[in-house]
1. Could you tell me whether any residue of segment 118-132 is modelled with pLDDT of 95 or more and part of a helix (DSSP H, G or I)?
2. Quick test for you: out of Q299, Q282, pick the one residue that is within 19 Å of the chain's Cα centre (by Cα) and farther than 21 Å from E341 by Cβ.
3. Need the failing condition index for M220 against (1) in contact with a Ser or Thr (Cβ under 8 Å, 6 or more places away or on another chain); (2) touching a residue at least 40 places away in the same chain (Cβ under 8 Å); (3) hydrophobic (A, V, I, L, M, F, W, C), just the number.
4. Which ones in segment 66-82 are open to solvent by 30 Å² or more (accessible area, probe 1.4 Å) and touching a strand residue (DSSP E or B) at 6+ places or on another chain (Cβ under 7 Å)?
5. Sort out for me the helices (runs of 4 or more DSSP H) sitting completely within segment 187-300 that have 3 or more residues that are open to solvent by less than 50 Å² (accessible area, probe 1.4 Å) and either away from the ligand (no atom under 16 Å from the Cβ) or not aliphatic (A, V, I, L, M) (or both).
6. On the given criteria, is V191 among the β-branched types (V, I, T), more than 15 Å from the chain's Cα centre (by Cα) and within 19 Å of N83 (Cα to Cα)?
7. Pick out the one residue from A343, A314, A328, A333 that is open to solvent by 20 Å² or more (accessible area, probe 1.4 Å) and either aliphatic (A, V, I, L, M) or at pLDDT below 95 (or both).
8. Within segment 148-169, track down each residue that is open to solvent by 10 Å² or more (accessible area, probe 1.4 Å), in contact (Cβ under 8 Å) with a residue 60 or more places away in the chain and within 19 Å of V63 (Cβ to Cβ).
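The values are calculated or read from the model by the stated rules, or taken from the named source; none is laboratory data. All figures in this text were calculated on a predicted structure; none of them were measured in a lab. Heads up, the Cβs are rebuilt from the backbone with ideal geometry, glycines too, and the neighbour counts pull from every protein chain shown. Protein only, heavy atoms only, side chains kept; ligands, DNA and RNA dropped before computing areas. Shrake-Rupley method; radii C 1.70, N 1.55, O 1.52, S 1.80 Å.
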Amino acid sequence: MRYVDEVLQQVITQNPAQPEFHQAVQEVLETLAPVIEKNEELYRREALLERLTVPERIIMFRVPWVDDQGQVHVNNGYRVQFNGAIGPYKGGIRLHPSVNLGVMKFLSFEQTFKNSLTGLPIGGGKGGSDFDPKGKSDREIMAFCQSFINELYKYIGADTDVPAGDIGVGAREVGYFFGQYRRLKGVFEGVFTGKGLSYGGSLARPQATGYGLLYITQEMLKANGQDIAGKTVAVSGAGNVATYAIEKAWQLGAKPVTCSDSTGWIYDPDGIDVATLIEVKQVKRARLTEYAKARPNSQYHEGKGVWTVKCDIALPCATQNELLLEDAKALVANGCMAVCEGANMPTSLDATKYLQQQGVYFVPGKAANAGGVAVSALEMSQNSERLSWSFEQVDSQLQQIMVNIFHN
Ligand code: NDP
């Protein structure tokens, strides 16, 4: 049996009921196979693939917290420190009911490769909880975040493990995490990224993933003799990544026409209005039905459907496995020429294969959404030298990093 198949089988047997982790490992091992096969005996003796696919450390813990009615709740907390070979573990915290150990392992495994691809000295990690932030008061969110850190603070630090935001975690949550860490440890250090500007955050960090996605998309189109200006773009998601992807798409002369959240999606023939989107999702924390009320020309649809719209470029920016084979077929039938992943593993393996067979340009998330972690690493540098760089300085480094990632 080929070494890559042997290790994939082991991963499946040793990690039962973790389909997302199996999927992420399969994707990487299949891609590496041509390289591995050239030196199979050496790599097998060195257990190279086992060392790549078994995490260095997993921390699992109880997160008890009290709601506004006095009811106690208990959630599961996780931090997977997957690989610290080239620097402190780095990767976000996700708060979503779908979080489980397999999801944490897939995300931290992917993070290892993504972080390395940025060229910056950061290892791969990821954490989170099955806590659902939807409908919770600020005080409840704070209670949860502080309890989460009451356990996690022992295992993180500016030189060991530096978490950031992900689904369900933005500046508010990072603020609660950081504040509790500082209280417990008594040190002010760059232990989180995505912090508020007044206490060590970096300019351009909120924009970084979405902007970076558009920079790499632009570079990829350019390398293929195409221009992003004038292209119609379908975007899924309505959170951090989607919002700033939409903003940068406009700035580069493209027209983003869709966005979505966990209940439905919007088609706006005039193009998605960024200010309205921010007001609805970031300020009011409301559903996209509110967007449709504010923009009478737009259409709101319940459920899934973003990939049925006619577009040149598709940017999945919500969550894993949100673009399946039937979606890929609809995109190709509608003339879509490029799929670039803003989310982590949004495209299923069969959909990815189909897109590639059909000649659709495909940029995987490990490259396409690396702008967020790249600017997080720049935030770490600024914290270490106790300086703050200008927006333009950070943004121009981000652009350069995304161009380098494409060519690497
Ligand atoms: P946010 O929480 O800001 O936004 C996520 C968006 O996706 C929301 O609109 C949410 O809907 C929707 N969504 C989440 N889960 C589901 C689901 N199961 N089904 C349908 N819709 C869903 O997260 P981010 O924008 O930060 O993250 C989006 C993706 O990008 C994730 O895969 C993340 O890992 C990846 N990523 C994020 C980076 C970052 O810097 N933030 C960096 C690199 C990758 P609703 O509004 O209803 O909750």
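1. Just the residues of segment 118-132 that are modelled with pLDDT of 95 or more, to begin with: 118-132.
Checking which are part of a helix (DSSP H, G or I) leaves us with none.
No, there is no match, as no residue in segment 118-132 is modelled with pLDDT of 95 or more and part of a helix (DSSP H, G or I).
2. None of the other options fit; the residue is Q282.
3. (1)
4. V66, V72, H73, V74, N76
5. In segment 187-300, the matching helices (runs of 4 or more DSSP H) lie at 205-223, 240-251.
6. So V191 fits the description; yes.
7. A333
8. Scanning segment 148-169 gives E151, Y155, G165, D166, I167, G168, V169.
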